[in-house]
Amino acid sequence: MKKIGLIVIIGLLLIIGCSSNEKTHAEDELHDHSVEIEGSEMKQLSVQQAADLWEIDSEVLLNEIIEEFDFKGEYTTETVLEDMRLEYKFSPAIIKDIAEDIKQQGMQNE
């Protein structure tokens, strides 16, 4: 009887584990980026450094960020993303998405 209970518990744990892995994988697919970097690290980068990671034009990235958030401040490619977040507290994942879109557009134009 104890063996059956143990088998049932192990089975339930395996099912729960598989479900949570599927959810994580699905979330990863929503934000599948060619560059892997944590949001906390991303915030510390300048626009230029972020552009360099994605191998895209920093001016294009800067302009897209400014347009996305309708920024009014004066920003350059040397501006750190965390400083831009003082005007509007955006998620670093959005910058990753913008950079990824720019990279994809560049690849399509080649």
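Rule-based calculations on the coordinates, nothing more; no lab input. Quick caveat: nothing in here was measured; it's all calculated off a predicted structure. No Cβ is skipped: glycine too gets one built from the backbone with ideal geometry, and neighbour counts run over all protein chains shown.
Taking amide H atoms as placed 1.01 Å from N in the peptide plane, the amide H of S46 lies under 5 Å from those of L81, each 5 or more residues away in sequence or on another chain. Applying 0.36 nm per residue to the separation of S40 and F69 and subtracting their alpha-carbon distance, the gain on full extension is 8.5 nm. Sorting I66, I98 from the fewest to the most surrounding beta carbons within 10 angstrom yields I66, I98. Within segment 49-99, the trypsin sites (Lys or Arg not before Pro) that combine a DSSP coil assignment with at most 10 other C-beta atoms in a 10 angstrom radius are K72, K89.
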